[in-house]
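In what follows, a single structure is set out as structure tokens and then discussed.
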Amino acid sequence: MLWAVGIAAVRASHIATAAVVPVSWHDVLTLWLANLVGVVYAYRWRQEADTALRDGLSFKTAGSVALRRGKLDLAREQYEQGAVSAEKLSSMAYLNAHFAVRGVELQVACLNNCAIVLLKQREWSKAEEVCSKALELSSRAQLLL
């Protein structure tokens with residue numbers, strides 16, 4: 001939406017100043033092609049972010065199903081994979097900070113669930129490490145907001 005408003009403003013300024021500085025078809029074509037390239041790149045980056053989010057949520061859901069069924073090793077593996085997928089989102093802040101925050105929140109959720117599995121498996125030191133990492137990430141998410 002903001003992009004369209006920006007393009008309209010540029011086009012309006014071209015029309016307003018056309019008597020002073022003539023605008024050729026080449027100028028208009030260059031402007032539209034440059035914006036088309038920007039839209040294509042933004043769409044491509046958005047797809048990568050959506051894929052990472054979808055994968056992270058799928059792993060988290062699969063881990064929850066495995067945990068309910070008592071398959072602790074599988075649940076732990078799924079939560080760890082979900083955290084890895086969610087970590088990809090935190091590096092995509094170039095798209096917008098919203099994806100970075102969602103990535104950190106999903107990563108914290110996966111790590112918290114992984115800690116629950118580790119506690120059920122009586123792996124106290126690993127659970128402590130995972131919880132510490134989740135707390136660190138949670139504080140980082142607060143800074144992004």
Over the chain, the sum of -39500 (n - 2.57) across DSSP H runs of at least four, divided by residue number and rounded to 500 deg cm²/dmol, gives at 222 nm -30000 deg cm²/dmol
In the chain, helical segments from DSSP H whose Cα atoms cover 15 Å or more along their own axis and that average at least 1.0 on the Kyte-Doolittle scale are 2-16, 97-120
Under the rule rounded for a/c under 1.5, else prolate if a/b exceeds b/c, else oblate, using alpha carbon gyration tensor axes a ≥ b ≥ c, the range 54-121 is classed as prolate
Note: the chain at 25 °C, 0.890 mPa s; Kirkwood Rh on alpha carbon pairs; Stokes-Einstein D in µm²/s works out to 136 µm²/s
Here the FRET efficiency for S139 versus W45, based on Cβ atoms and R0 = 41 Å and rounded to 0.05, is 0.95
When the charge dipole of the chain is computed with +1 on Lys and Arg Cβ and -1 on Asp and Glu Cβ about the Cα centre, the Cα farthest towards its positive end, among A62, A127, Y41, belongs to A62
Using a 1.4 Å probe on heavy atoms of the protein chains only, the accessible area for I116 in Å², nearest 10, reads 80 Å²
P(r) of the range 11-93 over all Cα-Cα pairs, 5 Å bins starting at 0, rounded to whole percent, reads 3, 14, 14, 11, 9, 8, 7, 6, 6, 6, 5, 4, 4, 2, 1, 0
The size of the Cβ-based charge dipole (Lys, Arg +1; Asp, Glu -1) of the chain about the Cα centre, to the nearest 20 debye, is 400 debye
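The values are calculated or read from the model by the stated rules, or taken from the named source; none is laboratory data. What you are looking at is a predicted structure, and each value in this text was computed from that prediction instead of being measured. Quick reminder, even Gly has a Cβ in these numbers, built from the backbone with ideal geometry, and neighbours come from all protein chains shown. In case anyone asks, the SASA skips ligands and DNA or RNA and just uses the protein heavy atoms, side chains included. Shrake-Rupley method; radii C 1.70, N 1.55, O 1.52, S 1.80 Å.
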